[in-house]
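Structure, as structure tokens:
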Amino acid sequence: MEILSSQEALQAAIRQNQILILQFGSERCAPCKALQNRIKTWNQEHPSVCHVYVTADELPELCAQMGVFTVPAIFVYVDGKLTIQQSGYFSLNQMLDQIEKYEQLLG
């Protein structure tokens, strides 16, 4: 997992990765940390998927530019296109299942 520090780093990550999980979170958000840990564990079995993290506390302007006004929020990019977008309360297992399907298609 990489922690992003700028809009430029985000754009590079989107361009350079076939599948990118972009997670927005906060250090004060317990669900954010739980999701982060769960994605890290899942990512060990799916190393072709890149997972990056944006700390909303440190980059509020980037969050606003991306339309993220609540955390946790997760965006998934496939071949540079926003494919999945979730925030607040959602099923991470369902999202990871969807990502696995994209991963198989791109194989």
**Complete:** In degrees, nearest 10, the alpha-carbon axis of helix 92-106 is tilted away from the dominant principal axis of the alpha carbons of the chain by 50 degrees
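Is there a quick way to get the dipole size of the chain? I mean about its Cα centre, with the Cβ of Lys and Arg at +1 and of Asp and Glu at -1; what is the value in debye to the nearest 20?
Values: 7 positive and 11 negative charges, 36 e Å.
Its charge dipole is roughly 180 debye.
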**Unpartnered cysteines - no second Cys beta carbon under 4.7 Å - across the chain** = 50, 63
**Message:** Which residues among the range 47-62 fall inside the zone where the amide N is under 19 Å from a point 7 Å beyond the Cα of residue 106, along Cα→Cβ?
**Reply:** 47-54
**Request:** Normalise the Cα radius of gyration of the range 1-46 by 2.2 N^0.38 Å (N = residues in it) and let me know the number.
**Result:** 1.23
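Only loop residues by DSSP count here, and only those with at most 16 other Cβ atoms within 10 Å; note down the trypsin sites (Lys or Arg not before Pro) in the range 19-107 that meet that. Could the numbers behind the result be given before it?
Values: sites: 28, 33, 38, 40, 81, 101; in loops: 28.
Sparse-neighbourhood loop trypsin sites (Lys or Arg not before Pro): 28.
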**Message:** Using the basic label-point model (7 angstrom from Cα toward the beta carbon), what is the residue 70 to residue 45 distance in nanometres?
**Reply:** 3.0 nm
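Nearest 5 percent is fine: what portion of the DSSP beta bridges confined to the chain is antiparallel? Walk me through the numbers on the way to the answer.
On the way: 12 of 21 bridges.
Roughly 55 percent of the DSSP beta bridges within the chain come out antiparallel.
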**Request:** Calculate one ³J(HN,Hα) per residue across the range 6-15 by plugging θ = phi - 60° into the Karplus curve 6.51 cos²θ - 1.76 cosθ + 1.60, and present them in order as whole Hz with x for glycine and proline.
**Result:** 6, 4, 5, 5, 5, 4, 5, 5, 5, 5
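Scan the chain and report its longest stretch carrying no chymotrypsin sites (Phe, Trp or Tyr not before Pro) that are both in a DSSP loop and have at most 16 other Cβ atoms within 10 Å.
It works out to 1-68.
Is the shape of the chain best called rounded, prolate or oblate, per the rule: a/c under 1.5 gives rounded, else a/b larger than b/c gives prolate, else oblate, with a ≥ b ≥ c the square roots of the Cα gyration tensor eigenvalues? Don't skip to the end; give the middle numbers.
Working: a/c = 1.68, a/b = 1.25, b/c = 1.34.
It is oblate, given that a/c is not under 1.5 and a/b is not larger than b/c.
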**Message:** Run the paramagnetic zone check for residue 12: 7 angstrom along Cα to Cβ, then residues of the range 63-78 with backbone nitrogen under 20 Å.
**Reply:** 63, 66, 77-78
**Message:** Among 37, 19, 9, whose Cα projects farthest towards the positive end of the dipole of the range 1-43, with charges put on the beta-carbon of Lys, Arg (+1) and Asp, Glu (-1)?
**Reply:** 37
**Message:** Less than 17 Å apart at the alpha-carbon level, and either on another chain or at least 8 residues along: which aspartates and glutamates does that give for residue 81?
**Reply:** 8, 100, 103
**Item:** Signed unit charges on C-beta, dipole axis of the chain, positive-most listed residue 106, 50, 63
**Value:** 106
**Request:** Express the carbon and sulfur contribution to the solvent-accessible surface of the chain as a percent, rounded to the nearest whole number, probe 1.4 angstrom.
**Result:** 48 percent
**Complete:** Amide H contacts under 5 Å for residue 83, restricted to residues at least 5 apart in sequence or on another chain and with H modeled in the peptide plane, are 76, 77, 78
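The values are calculated or read from the model by the stated rules, or taken from the named source; none is laboratory data. It should be emphasised that the depicted structure is a prediction, and the values quoted were computed from it without experimental measurement. Neighbour counts are summed over all protein chains in view; Cβ atoms, including those assigned to glycine, are modelled from backbone coordinates with ideal geometry. Heads up: the accessible areas ignore ligands, DNA and RNA and are worked out on the full protein's heavy atoms, side chains in. Shrake-Rupley method; radii C 1.70, N 1.55, O 1.52, S 1.80 Å.
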